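Read through the structure below, which is laid out as structure tokens, and then see the notes.
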Amino acid sequence: MTQPPPAAGWYPNGTVLRWWDGFRWTEHTQPLPVRTTATQRVSPDPRLLDERSVVFRHKAELVDHHEWTITDRQGVPLGALVPIGARALERLAGGTVELRDEQDALIHTLTEDVVRFKTVTRIAGLGRITLGWSARTKFTLSTEDDRILGTIECAEKWSKRFLIRDPEDRQIGRIDYEVVPLNRHVIDRYEMWVHLDQPLTQPLAGLVLAATPRVYRDIRRRSMLS
């Protein structure tokens, strides 16, 4: 069953807030507020977790950051990733990031730290994402008690496509990376397209979404080395 689009209102769209009239984007915009503190509202039924195709959009800036807007394939707003921290350096470090719905209410809180030389992303009440050691980049998605729920692995050694697999190693989706130019010389933004072959249930759905920015960071890291 197709869900109705979000109600009319101001939603993140790239680097601005843009007015959504209930059916489409309008030309009316205003600056994004600087969000530095954790939200106090919890999303009761986030549409984002039910979507099979979503787009993460990340504005290209001189200093890379951890803020993303999230839409469906038609550009309808679904949510955002918001770095939390009182100081700008804390937000740039991305130690704590909130996954929020289109109404700016909390879906999940993500924290990142290094354990035994491995970067681990933890999602409160859901599980963790761990980058393993292999020739091709591979993220393992697991519950808090270390039960493996799936993996996200680079399709080939230098590929910009990642394959999402279930615990039986069957492909259930993919993540694709795109660079969107502003003109011939300047990059406007980076996009991560998440395509699922089937609806995912929690906690796997939330872990796949939380892992998408880490896939982007790995692709960017490898691009600088090539």
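Among the listed residues Arg122, Arg57, Arg136, which satisfies the condition of being of a type in the set (Lys, Arg) and touching a Gly at 6+ places or on another chain (Cβ under 7 Å)? Can you show your working first?
On the way: Arg122 fails: touching a Gly at 6+ places or on another chain (Cβ under 7 Å); Arg136 fails: touching a Gly at 6+ places or on another chain (Cβ under 7 Å).
So the residue among Arg122, Arg57, Arg136 that is of a type in the set (Lys, Arg) and touching a Gly at 6+ places or on another chain (Cβ under 7 Å) is Arg57.
Scan region 177-204 for residues that are touching a Pro at 6+ places or on another chain (Cβ under 8 Å) and of a type in the set (A, V, I, L, M) and jot them down.
Across region 177-204, the qualifying residues are Ile187, Met192.
Please verify whether Thr130 is free of Cβ contacts under 8 Å to residues at least 12 places away in the same chain, over 30 Å from Trp25 (Cβ atoms), open to solvent by 30 Å² or more (accessible area, probe 1.4 Å) and touching a strand residue (DSSP E or B) at 6+ places or on another chain (Cβ under 6 Å), treating the condition exactly as stated.
Considered against the rule, which asks whether it is free of Cβ contacts under 8 Å to residues at least 12 places away in the same chain, over 30 Å from Trp25 (Cβ atoms), open to solvent by 30 Å² or more (accessible area, probe 1.4 Å) and touching a strand residue (DSSP E or B) at 6+ places or on another chain (Cβ under 6 Å), Thr130 comes out as no.
All but one of (1) hydrophobic (A, V, I, L, M, F, W, C); (2) on the phi < 0 side of the Ramachandran plot; (3) open to solvent by 10 Å² or more (accessible area, probe 1.4 Å) hold for Phe117; state the number of the condition that does not hold.
The failed condition is (2).
Taking region 106-141, which residues are in a strand (DSSP E or B), in contact with a helix residue (DSSP H, G or I) (Cβ under 7 Å, 6 or more places away or on another chain) and farther than 22 Å from Ala155 by Cβ?
Hits for region 106-141 are Ile107, His108, Leu110, Ile123, Gly127.
Regarding Arg220, is this residue in contact (Cβ under 8 Å) with a residue 40 or more places away in the chain, among the basic types (Lys, Arg) and over 19 Å from Gly79 (Cβ atoms)?
Details: in contact (Cβ under 8 Å) with a residue 40 or more places away in the chain: yes; among the basic types (Lys, Arg): yes; over 19 Å from Gly79 (Cβ atoms): yes.
Yes: the conditions hold for Arg220.
Would you check which residues across region 155-172 are in a loop (DSSP other than H, G, I, E, B) and over 19 Å from Tyr190 (Cα atoms) and list them?
Ala155, Glu156, Lys157, Asp166, Pro167, Glu168, Asp169, Arg170
If I filter region 147-192 down to residues being at pLDDT below 95 and of a type in the set (S, T, N, Q), which single residue comes out as farthest from Arg217 (Cα to Cα)?
Restricting to residues being at pLDDT below 95 and of a type in the set (S, T, N, Q), the top hit is Asn183.
Within region 101-127, restricting attention to residues that are in contact (Cβ under 8 Å) with a residue 12 or more places away in the chain and charged (D, E, K, R), which residue is farthest from Arg47 (Cα to Cα)?
Across region 101-127, the extreme among qualifying residues is Lys118.
Give region 136-168 a look and list any residue that's surrounded by fewer than 18 Cβ atoms within 10 Å (Cβ to Cβ), in contact (Cβ under 8 Å) with a residue 60 or more places away in the chain and under 18 Å from Ala210 (Cβ atoms), or say none.
If the condition is that a residue be surrounded by fewer than 18 Cβ atoms within 10 Å (Cβ to Cβ), in contact (Cβ under 8 Å) with a residue 60 or more places away in the chain and under 18 Å from Ala210 (Cβ atoms), then Thr143 is the only one that fits.
The values are calculated or read from the model by the stated rules, or taken from the named source; none is laboratory data. Computed from a prediction, not measured in an experiment: that's the story for all the values here. Glycine gets a Cβ as well: all are built from the backbone with ideal geometry, and neighbour counts include every protein chain shown. SASA here: full protein model, heavy atoms, side chains in, ligands and nucleic acids out. Shrake-Rupley method; radii C 1.70, N 1.55, O 1.52, S 1.80 Å.
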